[in-house]
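The values are calculated or read from the model by the stated rules, or taken from the named source; none is laboratory data. As the structure is a prediction and not an experimental result, all values here were calculated from the model. As a convention, Cβ positions derive from the backbone with ideal geometry for all residues, glycine included, and neighbour counts pool all protein chains shown.
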Amino acid sequence: MTEQQNLKGKKGLIVSIANADSIAYGCAKAMHLSGAKLAVTYRNKKFEPHVRPLAVGLKSDIIMPCDVEIPGQLEAVFHEIKARWGLLDFLVHSIAPNQSLRERVVDCSQASFLRAMDISCHSFIRMAKLAEPLIPNGGCLLTMSYFGAEEVVPHYSIMGPVKAALECTARYLAVELGSRGIRVHPISCGPIRTHAASGIEQLNDLMSQALARAPLRQLASIDDVGTVAVFLVSDAAAAITGCTMCGCWRPHRPLNTTLHMSIIVFWRFNH
């Protein structure tokens, strides 16, 4: 770890850890080991027994419930951070709806669509708004995306369009908050066996296919994502914003898809 990637003295919010297999926990572990002071949230009382021991191990002095569907809970977290710390350097937004992904996109109800968008995408906007006044000296906002935002992934269902919206939202936030020195990034990786991923049908097949297409023939772990997250919130990445950060553990496009994309780009530049 270089001096620029040392997070000593920095304060960050992790929303939200479900258990020891969470991507959010992978980020929190890496950030804690890099010297950051962390506030940790869990969704509700059901998750607290799994999360509190992890948060204690991270030496977190702010451990709170945060269900973005319950009015006031997200605001309460930021109120506590302001009261305890006064400011914030970074946050990690890592939440998704626990709804089934078995239905086709064309069969998705308005209610299911709006709920998925609210939890996965609009909650990031809400966090950015609440964090902005607490980041007077510049900082970083991270959110977790997935390969299904770019390409159709079997059984990923409505979360593909939702993650695409999240990545686009992050780019707009990066521009709007850039003048305050606040950087914004989605991190996109291949499939990881987490609580949220349990809703994906035929997850084992999906992971096998992704492994076969990954350049290094290995998939990401939560620790790999944590390493990327540490870099992005550190001073080493101070000149980078608005980028969807992809790991080499993501599947690469098959040849025919790449050719198709090249044809589209060629057509656009010549018409």
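Scan (1) aliphatic (A, V, I, L, M); (2) surrounded by fewer than 21 Cβ atoms within 10 Å (Cβ to Cβ); (3) at pLDDT 75 or above for the single condition Leu216 breaks and write down its number.
(3)
Out of all the residues in region 17-27, is one or more touching a Leu at 6+ places or on another chain (Cβ under 8 Å), more than 23 Å from Ala236 (Cβ to Cβ) and buried (at least 23 other Cβ atoms within 10 Å of the Cβ)?
Yes, region 17-27 has at least one match.
Pick out the one residue from Gly160, Gly178 that is outside any loop (DSSP other than H, G, I, E, B) and touching a helix residue (DSSP H, G or I) at 6+ places or on another chain (Cβ under 6 Å). Even if it seems obvious, please write down each step before you answer.
Working: Gly178 fails: touching a helix residue (DSSP H, G or I) at 6+ places or on another chain (Cβ under 6 Å).
Going through Gly160, Gly178 in turn, just one is outside any loop (DSSP other than H, G, I, E, B) and touching a helix residue (DSSP H, G or I) at 6+ places or on another chain (Cβ under 6 Å): Gly160.
In region 141-164, which residues are surrounded by fewer than 18 Cβ atoms within 10 Å (Cβ to Cβ) and of a type in the set (A, V, I, L, M)?
Correct list: Val152, Ala164.
Is it fair to say Glu167 is in a loop (DSSP other than H, G, I, E, B), touching a helix residue (DSSP H, G or I) at 6+ places or on another chain (Cβ under 8 Å) and closer than 30 Å to Ala239 by Cβ? Walk me through how you get there before you give the answer.
Numbers: in a loop (DSSP other than H, G, I, E, B): no; touching a helix residue (DSSP H, G or I) at 6+ places or on another chain (Cβ under 8 Å): yes; closer than 30 Å to Ala239 by Cβ: yes.
So Glu167 fails the test.
Can you run down the residue pairs with Cβ atoms below 7 Å, 6 or more apart or on separate chains, where the first is in region 37-49 and on the phi < 0 side of the Ramachandran plot and the partner is in a loop (DSSP other than H, G, I, E, B) and of a type in the set (S, T, N, Q)?
Close Cβ pairs (under 7 Å, with a partner that is in a loop (DSSP other than H, G, I, E, B) and of a type in the set (S, T, N, Q)) amount to Leu38/Ser60; Ala39/Ser60; Val40/Ser60; Thr41/Ser16; Tyr42/Ser16; Arg43/Ser16.
I'm checking my understanding of the structure. Among residues of region 71-87 that are among the aliphatic types (A, V, I, L, M) and closer than 13 Å to Arg126 by Cα, which one is surrounded by the most Cβ atoms within 10 Å (Cβ to Cβ)?
Val77
Test Ser34 against the stated conditions and say whether it is at pLDDT 95 or above, under 26 Å from Ala236 (Cβ atoms) and crowded, with 19+ Cβ neighbours inside 10 Å.
yes
List pairs: first residue in region 212-238 and more than 20 Å from Lys8 (Cβ to Cβ), second residue among the acidic types (Asp, Glu) and crowded, with 16+ Cβ neighbours inside 10 Å anywhere in the structure, Cβ distance under 8 angstrom, at least six positions apart or on different chains.
Pairs found: Ile222/Asp21.
Which of the residues spanning region 83-104 are at pLDDT 95 or above, over 19 Å from Arg43 (Cβ atoms) and out of contact with any Asp or Glu (no Cβ under 8 Å at 6 or more places or on another chain)?
Ala83, Trp85, Gly86, Leu87, Leu88, Asp89, Phe90
Exactly one of (1) assigned to a helix (DSSP H, G or I); (2) more than 22 Å from Val153 (Cβ to Cβ); (3) out of contact with any Phe, Trp or Tyr (no Cβ under 8 Å at 6 or more places or on another chain) is unmet by Cys121. Its number?
(2)
Consider Pro186 carefully, then state whether it is buried (at least 16 other Cβ atoms within 10 Å of the Cβ), under 19 Å from the mean Cα position of the chain (by Cα) and either under 24 Å from Leu87 (Cβ atoms) or modelled with pLDDT of 95 or more (or both). Lay out the reasoning, then the answer.
Working: buried (at least 16 other Cβ atoms within 10 Å of the Cβ): yes; under 19 Å from the mean Cα position of the chain (by Cα): yes; either under 24 Å from Leu87 (Cβ atoms) or modelled with pLDDT of 95 or more (or both): yes.
So Pro186 fits the description; yes.
Is it the case that some residue within region 93-102 is among the charged types (D, E, K, R), surrounded by fewer than 17 Cβ atoms within 10 Å (Cβ to Cβ) and farther than 22 Å from Cys121 by Cα? Full working, then the answer.
First, the residues of region 93-102 that are among the charged types (D, E, K, R): 102.
Now restrict to residues that are surrounded by fewer than 17 Cβ atoms within 10 Å (Cβ to Cβ): 102.
With the extra rule that they be farther than 22 Å from Cys121 by Cα, the set shrinks to none.
No, there is no match, as no residue in region 93-102 is among the charged types (D, E, K, R), surrounded by fewer than 17 Cβ atoms within 10 Å (Cβ to Cβ) and farther than 22 Å from Cys121 by Cα.
Look at Leu211 and say whether it is more than 13 Å from the chain's Cα centre (by Cα), buried (at least 16 other Cβ atoms within 10 Å of the Cβ), modelled with pLDDT of 95 or more and farther than 22 Å from Ala30 by Cβ. Before the answer, list the steps.
Details: more than 13 Å from the chain's Cα centre (by Cα): yes; buried (at least 16 other Cβ atoms within 10 Å of the Cβ): yes; modelled with pLDDT of 95 or more: no; farther than 22 Å from Ala30 by Cβ: yes.
Answer is no for this residue.
Restricting to region 103-136, give me the number of residues that are closer than 20 Å to Leu177 by Cβ and surrounded by fewer than 20 Cβ atoms within 10 Å (Cβ to Cβ).
Of the residues in region 103-136, the ones closer than 20 Å to Leu177 by Cβ are 120-136.
Subsequent filtering for residues that are surrounded by fewer than 20 Cβ atoms within 10 Å (Cβ to Cβ) retains 122, 125-126, 129-130, 132-134, 136.
Total satisfying the criteria: 9.
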